[in-house]
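The values are calculated or read from the model by the stated rules, or taken from the named source; none is laboratory data. This structure is a prediction, so every number in the text was calculated from the model and none was measured. Because the Cβ atoms are built from the backbone with ideal geometry, glycine has one as well, and the counts that use them run over all protein chains shown. To get the accessible areas, we keep the full protein, side chains included, count just its heavy atoms, and leave off ligands, DNA and RNA. Shrake-Rupley method; radii C 1.70, N 1.55, O 1.52, S 1.80 Å.
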Amino acid sequence: MSDSGVSPVIPGSQAKHPRPVLWLITLVAVGLSLFQLYSAGIQPLGLFYQRSIHLMLIMMLAFLMYPLLGPHRTRGPVSGLIDLVFFAGALITGGYLVLFLDEIISRAGFWSQTDIVVGGIAVLTVLEAARRSVGLGMTLIGVVALLYALAGPRGELPWLSQFLPGILEHRGYNLDRLLGQLYLGQEGIFGLPLGVAATYIFIFVLFGAFLEVTGAGKFFIELAYAATGRQRGGPAKAAVIASAGMGSISGSAIANVVTTGAFTIPLMKRLGYKPHQAGGIEAAASTGGQIMPPLMGAGAFLIAEYTRMPYLDVVKVSIVPAMMYFSTVYLFVHIIALKQGMQGMARSELPQMRDVMRSGWHFLLPLGVLVWLLVMNLSPMRVGFYAILTMLAVAVLRFAVWFFFMAPREGQAVTADSLRLVVRNGLIKLMEALELGARNAVAVSMACAVAGIIVGVVGLTGLGLKFSSMMMAFSGGNLLLALVMVLLASLVLGMGLPVTASYIVLIVLVGPALTAEFGVPLLIAHLVVFWYSQDSNVTPPIALAAFAGAAIAGSKPMETGFQAWKFAKGLYLIPLFMVYNPEMIVGGPVPLVVWTMVTGFLALGAFAASLEGYLFTSMSVPIRLVLLPAIVAVFYPNLMIEIAGAVVMALALAGNWLASRRQALPVS
C-alpha cells in the first residue's frame with residue numbers, strides 16, 4: 001500500500017495465491033522492472049533481445065498472476081499443471097530467440113521445422129496469456145485473424161473462404177508460412193506494438209508506479225482541492241483537475257477512476273451531485289487523462305512510432321485539444337453546480353495550498369525533469385529512466401533532511417535502530433514500486449503482443465487496403481460518414497479490447513483510407529483514431545470507466561454510463577474539429593491558428609450550454625436550437641461560414657449573460 005491515502009490498483013491482486021506463488025510473482029515482477037531499467041539507462045539491447053526477454057517475463061508474470069479458471073478460483077492439481085505448461089511455453093517463446101537468434105538470422109527467412117514448432121507454441125501462449133490478463137475479446141479477435149489468414153484457395157483451411165465476402169477474399173496461407181511470419185517476421189508478435197510496449201510504455205508505467213507508491217495520488221488530489229474546493233461544485237472541479245494530473249501517468253482510465261474517484265465521488269455526492277452524475281463526471285475526467293500530455297497513457301509513444309515523428313512533437317500538438325476536452329468537462333460541472341444551486345466547501349474542510357506544496361513539492365521535480373529532458377530531445381526511454389532516478393534521489397534527499405534535521409526538532413530520537421527501520425521501510429517501498437510497475441504493464445504488453453498478430457495478418461493478407469475500399473464504398477467518399485464509421489468501429493472494438501489494442505487495430509485498418517483516400521494528414525488521422533479509441537470507457541452499453549465510477553458512487557451502471565457519455569462529448573467533437581481545421585495540429589498562419597482555437601473553445605462552450613439549457617441563467621429552447629447550426633458552422637471548412645457561426649454563438653451567449661444580469665437586479 002502507498003502512503004498516499006489511496007491504495008494502488010494492483011492487477012491480479014484479487015486472485016488468491018499460495019505464499020510461494022506470491023514470492024515468485026514478486027521475484028519475476030521485480031526482475032522484469034530491473035531488466036527494463038538496465039536496458040533503458042545502462043546497456044540498450046538489440047531489437048529482438050529486448051522484445052523477446054520482455055515478452056517472456058511478462059507472460060511468466062501473467063500465468064502466475066491469473067489462474068486458469070479466473071481470479072476467484074484457486075489452483076487445483078489439473079489447472080496448476082496446465083499453468084505450469086503455459087509457464088514453460090513462455091520460457092520457450094523468449095528463450096529460443098535469445099539463445100538461437102544468430103542462427104535464425106543466418107537462415108534469412110528459410111525457417112526450420114523447430115522454428116515453426118516454437119512459433120506455434122508462441123502464438124498459443126500469447127493468446128492464452130492475453131485471455132487471462134486482457135480478456136476473452138482480445139483472444140477471440142486474434143483467433144479470427146489467424147483463421148482469416150488460413151482461409152483462401154491456397155490456404156491451410158480453404159473451405160473457410162466460402163464464408164468470406166468477395167472483397168475480403170485472398171489467396172490464403174499455410175500454417176508454416178503464417179507461424180514463421182508471426183514469430184520471426186518484422187510484422188508479428190515482436191513487431192512495432194510490442195516494441196513500443198517493451199521500451200517506452202513500460203518505463204513510464206514504472207514511473208507512474210513510483211509516483212503512486214510514494215504518494216503522488218494524495219498530492220494531486222489535495223492540490224486540486226486547494227485550488228478549486230471553495231468554488232461552486234468544487235469537488236467535481238477538483239475531480240477534473242486531479243484526473244488530468246493522475247490520468248496522464250496512470251495509463252488506465254479505470255485505474256484513474258478507482259484511484260481519484262475514491263476521494264472525489266463521495267465529496268461530490270455530499271455537495272449535492274446525484275450519484276450517477278458524480279460517477280459520470282469522474283469517468284469522463286479520468287478518460288481525458290489518457291489524452292493529456294506529457295505522457296498520454298501509452299498513446300503518444302505509439303503515435304510517435306507509427307508516424308515517425310519526434311515524441312515531443314506529438315505531445316506539443318496534443319496540448320490544445322486536451323485543454324479543449326477538459327474545459328468542456330469543467331464547464332459541464334460548473335453549469336450543473338449553478339443549475340442545482342450548489343456552493344463550495346468550507347475553508348476549514350480544505351487543505352491549504354501552502355501546506356500541500358510543502359509536503360509534496362518533490363513530486364513536481366521528476367515531472368519537471370521529464371519535460372525538460374523531452375525538450376532536450378533525449379530518447380523517451382532514457383527520459384523515463386532519468387525521471388525515475390530523479391524521483392529516487394529526491395525521495396532519499398527529502399528523507400535525509402527530515403531524519404537528521406527535522407526529526408530531532410520534533411523530539412524524535414535519531415538512533416541506529418530507527419535509521420535501520422526507516423531504511424527497511426524505504427526498501428520495501430522500492431520493491432512495491434518495482435512490483436506494481438511490472439504488474440501494471442502486463443495487460444498493455446499482452447494487448448500489444450496480440451495486436452502484433454493482428455497487424456501481421458493484415459500485412460500478410462492485404463486486409464488494410466481491402467478495408468480502405470470498403471470504407472470508400474460505404475461512405476460514398478463522404479469524410480463525415482467515414483469518421484462516423486471509424487467511431488462506430490472503435491465502439492465495437494472497445495467492447496472487447498483495451499484502448500491501446502483498439503487504437504492499433506483501427507489505425508492499421510482505417511488509417512490508409514483516412515490518409516490516402518480522404519486526404520487527412522497522417523498525424524491527425526492517428527490522433528482521431530486514438531481519441532475515438534477512448535470512447536469505450538464512457539459510451540454505453542460497455543462503458544468500463546463509468547461502470548467503475550458507478551461501483552464507487554453506488555449508482556446504476558447504465559445511468560452513470562449515459563452521464564459519462566454526455567460529459568465526454570468533447571471526445572467525439574474535438575477530433576472532428578481537428579479534421580476540418582487541420583491548422584490547429586499541423587500549423588499555419590498565426591492569426592488562422594488563433595482564430596481556430598478561439599472558435600473551437602467557443603463552439604464547445606456553446607455545445608455544453610445548449611445541451612444543459614443553462615449557462616449564466618436558463619436558456620430558452622429557441623436559443624438552444626439556434627446554437628446547434630452555429631456550432632456546426634464553426635466545423636465547416638469555410639471562413640465566412642465559420643465567422644457567421646461564431647457571431648451567432650457569441651450573440652446568443654452574450655444575450656444569456658445579459659438576461660442573468662437583469663435577473664440579478666433588485667425589483668424596484
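When a/c is below 1.5 the answer is rounded, else prolate if a/b is larger than b/c, else oblate, so apply that to segment 265-424 with a ≥ b ≥ c taken from the square roots of the Cα gyration tensor eigenvalues.
oblate
Compute, for Val85, the solvent-accessible surface of its heavy atoms (probe 1.4 Å) with the complete set of protein chains present, and express it in square angstrom to the nearest 10.
About 90 Å², ignoring ligands and nucleic acids.
List the pairs from Lys218/Lys556; Lys218/Lys566; Lys269/Lys316; Lys316/Lys339; Lys269/Lys339; Lys316/Lys566 whose alpha-carbon separation is above 25 Å, in the order I gave them. Display every interim value, and only then the final one.
Details: Lys218/Lys556 28 Å; Lys218/Lys566 28 Å; Lys269/Lys316 36 Å; Lys316/Lys339 36 Å; Lys269/Lys339 16 Å; Lys316/Lys566 27 Å.
Those over the limit are Lys218/Lys556; Lys218/Lys566; Lys269/Lys316; Lys316/Lys339; Lys316/Lys566.
Among (i) 43.2; (ii) 60.3; (iii) 34.3, which is the computed mean projected area of the Cα convex hull in nm²?
Structure-derived value, by its label: (iii).
Using a 1.4 Å probe on the protein heavy atoms only, what accessible surface does Tyr148 show? Give it in Å² to the nearest 10.
Here the residue's solvent-accessible area equals roughly 30 Å².
Which percent of the accessible area of the chain is formed by carbon and sulfur heavy atoms (probe 1.4 angstrom)?
69 percent
Using a Förster distance of 35 angstrom, determine the FRET efficiency expected from the C-beta separation of Phe100 and Leu22, and round it to 0.05.
With a Förster radius of 35 Å, E is 0.55.
Give me the number: length gained by fully extending Phe163 to Arg354, i.e. 0.36 nm times residue separation minus the C-alpha to C-alpha distance, one decimal in nm.
Result for the pair: 62.1 nm of gain on full extension.
Working with all protein chains in place, sort Arg75, Arg154, Arg424 by solvent-accessible area computed with a 1.4 Å probe, largest first.
Reading off the accessible areas and sorting them downward yields Arg154, Arg424, Arg75.
Could you give the nm distance between label points at Thr415 and Leu465, where each point is 7 Å from its Cα heading toward the beta carbon?
Here the answer is 7.8 nm between the modelled labels.
Any idea of the accessible area per residue across the chain, 1.4 Å probe, to the nearest Å²?
Working: 27540 Å² over 668 residues.
Per-residue accessible area for the chain comes out at 41 Å².
Can you give me the solvent accessible area of Ser618 with a 1.4 Å probe, rounded to the nearest 10 Å²?
80 Å²
Please compute the modelled spin-label separation between Val396 and Lys339, points set 7 Å along Cα→Cβ, answer in nm with one decimal.
5.4 nm
Would you please put 197-210, 627-640 in order of how densely packed they are, using the mean number of other Cβ atoms within 10 angstrom per residue and starting with the highest?
Ranked by mean Cβ neighbours within 10 Å, highest first: 197-210, 627-640.
Whole Å is fine, so just give me how far the alpha carbon centre of segment 74-150 lies from that of segment 327-379.
44 Å
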